[in-house]
Amino acid sequence: MWGGRFASGPAAVMEAINASIDFDKKLYTQDIRGSLAHSAMLAETGIISAEDQKKIADGLNTILSEIEEGRFTFSRKLEDIHMNIEARLAELIGPAAGRLHTARSRNDQVAVDFRLWVKEELIRTREALRALIEAFVTRAEEHAATVMPGFTHLQTAQPVTFGHHCMAYVEMFGRDLSRVNDAIERMDESPLGAAALAGTGFPIDRHRTAKSLGFREPTRNSLDSVSDRDFALEFLSLASICAMHLSRLAEEIVIWSTPQFGFIRLSDSFSTGSSIMPQKKNPDAAELVRAKTGRINGDLIALLTVMKGLPLSYSKDMQEDKETVFDAAEALDLAIAAMTGMISDMEVQKAAMKKAAGSGYSTATDLADWLVREAGLPFRDAHHATGRAVALAETKKVGLEKLTLDELQGINPAITNAIFDVLSVDASVRSRASFGGTAPQEVRKQIRYWKKRLKKA
């Protein structure tokens, strides 16, 4: 390729550091798609002949079959996927292959290949997130009234329902889904035709190639077109946020599946045993999902660091963009799939959840609210009185609902027998009927909303 300018070939070390075929061969489908669209446009605009275009198209389709059937030999001497395909095309069709690169540079070629790959990965991620959200909605519907403790600081706070807890993750992953859709919308522009950095003097039709490749429109600045990797960074960013959500969920699954909590039981499909302790059933799938978050975060930081000091326009540093994205995509795909499986088939231990929901004086806030609502106390006074009731119950080693009316009236004489109607966990949960609250009827309302929303997502 460099024969016209260079008198000798590269050193072995230069060849090794310069070659990217070991990883960018993953882009073969996108590269061939881009070349087919480019050659068709060149023929339509009269830049190359229809005869040459047909030879090019036939040759590219032959190469596609060879790669898919495992009959294609990738060469590091040819550096990358673009030159590997072009060299094979020349072997197949002769001089006509040399016309394919008219009005195109490897700079815009790799930019369009990579955008196509990331866009396709975002679409896959969108479908995977939809499946995960649907799994949570299904579990929420099953357990809209299943009581469990809600936590702050990992301390029992107030009773909630497991359905409500599931719907919290629906909201989280729903935001991830919206970020995926936003990213697709933002990167849906084709850089093909920007050439090396300045555009081209040939009368190309960039709108035609953009449309044929499924992009909304062509990019509007040739310098930015070949040097932009925001679409890759945005994918890594949304992947990192999504992985963080998956990691939070994984941590809860690890905690919930311990004998000390016993809130859920994972299936054998997503658990492993111990090499020495026969009684063990370890939540390894959840732990590995949790660990992959660090890997995905590292991929984001790596590419941010590569890009941070690059002047316009293209620099060879950008060759380091793909491995991080490929790695993060693989890790995220696997993590979402594993979590969808775990949520779909785990067994919810309703009795253990309900027992825990009443621990730690979880209905103390209900007592304070009753004093405000029924006795007319300012909330701070009600909070203080409730604190005294909790201290008394703690001393007597009983729950709030086990204190006698006399004991409660000793704290505040306005308390009546009606207080016992609000001190159960079921009553507490039913009372939280504000919009977005944990009351079963409100949980079911949010489930209906998400079912409708998912049809449009």
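The values are calculated or read from the model by the stated rules, or taken from the named source; none is laboratory data. As the structure is a computational prediction, the values presented were derived from the model and not from experiment. Heads up, the Cβs are rebuilt from the backbone with ideal geometry, glycines too, and the neighbour counts pull from every protein chain shown. Note: areas computed on protein heavy atoms with side chains; ligands, DNA, RNA excluded. Shrake-Rupley method; radii C 1.70, N 1.55, O 1.52, S 1.80 Å.
Structural remarks
- Sparse-neighbour loop sites [trypsin sites (Lys or Arg not before Pro); the stretch 373-412; at most 12 other C-beta within 10 Å; DSSP]: 397
- Expressed as a fraction of 2.2 N^0.38 Å, the value expected for a compact globular protein of N residues, the C-alpha radius of gyration of the stretch 167-223 is 1.61.
- Loop-resident sites, the stretch 338-445, for chymotrypsin sites (Phe, Trp or Tyr not before Pro), counting at most 10 other Cβ within 10 Å (DSSP): 435
- 1.4 Å probe accessible area per residue over the stretch 27-79, in Å²: 47 Å²
- Computed over the stretch 342-457, the quotient of the alpha carbon radius of gyration and 2.2 N^0.38 Å is 1.32.
- Cα-derived Rg to Rh of the stretch 21-64, Kirkwood definition: 1.06
- Near residue 245, once Lys and Arg are set to +1 and Asp and Glu to -1 for all other residues with Cβ below 14 Å from its Cβ, the sum equals +1.
- Average accessible surface area per residue within the stretch 174-308, 1.4 Å rolling probe, Å²: 48 Å²
- Among beta bridges identified by DSSP and lying wholly in the chain, the antiparallel ones come to about 80 percent.
- Total charge dipole magnitude, the stretch 185-237, about the Cα centre, Cβ charges on Lys, Arg, Asp, Glu only, Debye to nearest 20: 220 debye
- Amide proton proximity set for residue 148, modelled H, under 5 Å, gap of 5+: 160, 161, 162
- Note on the stretch 43-90 and the stretch 386-430: Cα centroid distance 79 Å, given to the nearest whole angstrom.
- Dipole orientation for the stretch 85-203: of the candidates 147, 90, 172, 90 has the Cα lying most toward the positive pole (charges on Cβ; Lys, Arg +1; Asp, Glu -1).
- Here the Kirkwood formula, the inverse mean of 1/r across different C-alpha pairs, assigns the stretch 291-331 a hydrodynamic radius of 10.7 Å.
- Radius 13 Å from Cβ of residue 14, net charge of other residues (Lys, Arg +1; Asp, Glu -1): +1
- Across the chain, the mean sequence separation of Cα contacts (distance under 8 Å, 6 or more residues apart), normalised by length, yields a relative contact order of 17 percent.
- The three principal axes of the Cα atoms in the stretch 123-198 give end-to-end lengths of 63, 27, 12 Å, sorted in falling order.
- Debye, to nearest 20: dipole size of the chain, +1 on Lys, Arg Cβ, -1 on Asp, Glu Cβ: 800 debye
- Taken over the stretch 307-378, the ratio of Cα radius of gyration to 2.2 N^0.38 Å equals 2.38.
- Mean silhouette area of the stretch 211-329, derived from the convex hull of its C-alpha atoms and averaged over all directions, reads 11.2 nm².
- The lysines whose alpha-carbon is closer than 23 Å to the alpha-carbon of residue 397, local same-chain residues fewer than 8 away aside, are 354, 355.
- DSSP-loop trypsin sites (Lys or Arg not before Pro) across the stretch 67-125, with at most 11 other Cβ within 10 angstrom: 71
- Apolar share of the accessible surface for the chain: 53 percent from carbon plus sulfur atoms, 1.4 Å probe.
- Global form of the stretch 1-132, assessed from the alpha-carbon gyration tensor, a/c cut-off 1.5: oblate
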